[in-house]
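Please find one structure pasted underneath; my questions will follow.
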Amino acid sequence: MTRSELNEAVAILQSTAANLSALTSGTTEEGAALDRACTTLNFDAKSLLQAGSIGTTALACFTAATTAGITSDQFYAIRSTISALTPSYPAGTTMRQMLLRMCIAEESRAVSNAILTSRSEAEAILARMVDDFEAIEDYAADNLESAAYQAFIALHGAVAYDLSQRASQLPKLATYTFGKRRTSLTLANVLYGDASRADEIINENSPVHPAFMPDSIRALTE
């Protein structure tokens, strides 16, 4: 591996470690463990790459992130950053693929524990995972990694099945249009007969002020 190849691979690992570490303040025991794992990856990336033993240390960062309670949305943000990388050398491409696999595996675990509020949310989560699942599967197939290919095909299927099953039990999001602006409390009463659900409407529509909701809003159908 040339110096340029090594430096690119190290930079990919270090940037991912920094992004993961930034997800927690480190004030909890779990957050501190994530910080330690990411610090180890940051400082030892070059020597571990040269020794061919980077995988275990990199994986420790992602599993520590799960233990620290990192959400599926946060894993998605990390994965999007990794996915957008365009390495110039084979070593960098290998690191990108390794990190992408680790991230989507832990993201899948987080998704399975996520509390979903609507079918639209479940569908959106699956939609944002499909491209990288397929890219990982294609890479494994192209490189004759049969075990990895089968593992990610199975994980992809499990995530899709889980989300579709949970989505079928959830209400849909719909658009409602009213003739004039109303307060969030009024809308909650009109739609659900329950003013305590006003916060749901506020969170979904992000109004300037809850007393002046848009005349067209998105809300759950039930």
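Checking the condition assigned by TED's automatic domain parsing to the domain that holds PRO90, of a type in the set (Val, Ile, Thr) and either modelled with pLDDT of 95 or more or within 17 Å of ALA77 (Cβ to Cβ) (or both), which residue from THR2, THR27, THR16 passes? Give the derivation first.
Working: THR2 fails: either modelled with pLDDT of 95 or more or within 17 Å of ALA77 (Cβ to Cβ) (or both); THR27 fails: either modelled with pLDDT of 95 or more or within 17 Å of ALA77 (Cβ to Cβ) (or both).
Within the list THR2, THR27, THR16, the selection yields THR16.
Continuing with the same structure: If I ask for residues that are among the hydrophobic types (A, V, I, L, M, F, W, C), surrounded by fewer than 17 Cβ atoms within 10 Å (Cβ to Cβ) and within 21 Å of the chain's Cα centre (by Cα), which ones from the stretch 3-31 would you list? Outline the logic, then answer.
Of the stretch 3-31, the ones among the hydrophobic types (A, V, I, L, M, F, W, C) are 6, 9-13, 17-18, 20, 22-23.
Next, only the ones that are surrounded by fewer than 17 Cβ atoms within 10 Å (Cβ to Cβ) stay: 11, 18, 22.
Across the stretch 3-31, the qualifying residues are ALA18, ALA22.
Please enumerate the residues belonging to the stretch 127-152 that are closer than 19 Å to ASP73 by Cβ and surrounded by fewer than 19 Cβ atoms within 10 Å (Cβ to Cβ).
ALA127, ARG128, VAL130, ASP131, listed by residue number.
Could you count how many residues in the stretch 186-222 are over 22 Å from LEU170 (Cα atoms), among the aliphatic types (A, V, I, L, M) and surrounded by fewer than 18 Cβ atoms within 10 Å (Cβ to Cβ)?
The number of residues fulfilling the criteria is 2.
Follow-up. Go through the stretch 208-222 and give me each residue that's in a loop (DSSP other than H, G, I, E, B) and either among the charged types (D, E, K, R) or within 19 Å of SER118 (Cβ to Cβ) (or both). Steps first, answer last, please.
Step one: list which residues in the stretch 208-222 are in a loop (DSSP other than H, G, I, E, B), which gives 208-215, 221-222.
Hits for the stretch 208-222 are MET213, PRO214, ASP215, THR221, GLU222.
Would you point out which residue out of TYR161, TYR176 is surrounded by fewer than 17 Cβ atoms within 10 Å (Cβ to Cβ), assigned to a strand (DSSP E or B) and modelled with pLDDT of 80 or more? Steps first, answer last, please.
Values: TYR161 fails: assigned to a strand (DSSP E or B).
Step by step, each of TYR161, TYR176 is checked, and only TYR176 is surrounded by fewer than 17 Cβ atoms within 10 Å (Cβ to Cβ), assigned to a strand (DSSP E or B) and modelled with pLDDT of 80 or more.
Residues of the stretch 32-66 being surrounded by fewer than 14 Cβ atoms within 10 Å (Cβ to Cβ), part of a helix (DSSP H, G or I) and among the small types (Gly, Ala, Ser), which ones?
Once the filter is applied, which keeps residues that are surrounded by fewer than 14 Cβ atoms within 10 Å (Cβ to Cβ), part of a helix (DSSP H, G or I) and among the small types (Gly, Ala, Ser), the stretch 32-66 yields SER47, ALA51, GLY55.
The values are calculated or read from the model by the stated rules, or taken from the named source; none is laboratory data. Just so you know, these numbers come straight off a predicted model, no measurement behind them. All Cβ positions, glycine included, derive from the backbone under ideal geometry; neighbour counts span all protein chains shown.
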